[in-house]
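The next block holds one structure in the form of structure tokens; read it before the comments.
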Amino acid sequence: MSEVTPGLEVQHEPASDGFTWEPYTSGRGAVLRVRDTSCCGVYDLASEGGQYLILRKDGKEGYEETARGVHANAVAAYIALVQKHLQTHKGASLSDTAGDSSPQ
Ligand SMILES: [Zn+2]
């Protein structure tokens, strides 16, 4: 159980998902509400002032947003992103999520 595979690195490829990510800045005078959080907490589907957007950590201290706009558009983008994320689990150990048995 101590095998290490060289070259198998966790990669963040922001340019490969087909979405344009921009730095998220709060303070637009609207309340940000997180509506859903993806597997592993990678993405958040949020609403802000009647608009919807997707947030992700920028790898530092802040967040990036994409697909800001109407609900249907943001949800479609969110689903696409989450599905891509789920593909990264294929062949990987799921033991880190074994304890999560949410009824939903
Ligand atoms: Zn995940």
### Message
The conditions are (1) more than 16 Å from TRP21 (Cβ to Cβ); (2) within 13 Å of the ligand (Cβ to nearest atom); (3) among the charged types (D, E, K, R), and ASP36 fails exactly one of them. Which is it?
### Response
(2)
### Task
Please work out if ALA80 is at pLDDT 95 or above and either more than 17 Å from GLY18 (Cβ to Cβ) or acidic (Asp, Glu) (or both).
no
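The values are calculated or read from the model by the stated rules, or taken from the named source; none is laboratory data. Quick caveat: nothing in here was measured; it's all calculated off a predicted structure. FYI the Cβ positions are ideal-geometry reconstructions off the backbone, even for glycines, and counts take in every protein chain you see.
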